[in-house]
């Protein structure tokens with residue numbers, strides 16, 4: 001009878017050990033799946049941040065390029081305007097000189 005009880009206990013212990021192994025395997029599978037999910041989400045977030053940073057960098061580069069081009073155009077326009085005004089002033093001075101010379105010749 002004691003032998004029969006020992007066999008029953010041994011059988012139950014084996015069943016419990018098998019159930020514990022199944023639970024352990026299920027837990028490890030869940031942990032592995034969660035770990036993979038977290039890694040995927042982290043990778044997706046990292047890619048998203050990289051894309052946003054790249055887009056922001058491109059936007060800044062374009063704005064800087066546009067600002068530089070605008071500044072160059074304004075400087076060129078200002079230079080041309082200054083040259084035109086200097087040329088106009090020179091012509092005006094020449095006209096005044098010519099008129100003064102003409103008046104002096106008439107007075108002589």
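Just a few scattered comments:
- Estimated from helices alone, the mean residue ellipticity of the chain at 222 nm is -38000 deg cm²/dmol (sum of -39500 (n - 2.57) over DSSP H runs with n ≥ 4, per residue).
- Per-selection Kirkwood Rh - the chain (Cα, Å, 1 d.p.): 23.8 Å
- Axis angle, to the nearest 10 degrees, between helix 2-107 and the longest C-alpha principal axis of the chain: 0 degrees.
- Shape call, the range 58-102: gyration tensor on alpha carbons, a/c limit 1.5: prolate
Throughout, read-outs are computed from the coordinates displayed, never taken from laboratory work. Please read these numbers as outputs of a predicted model, since none were measured by experiment.
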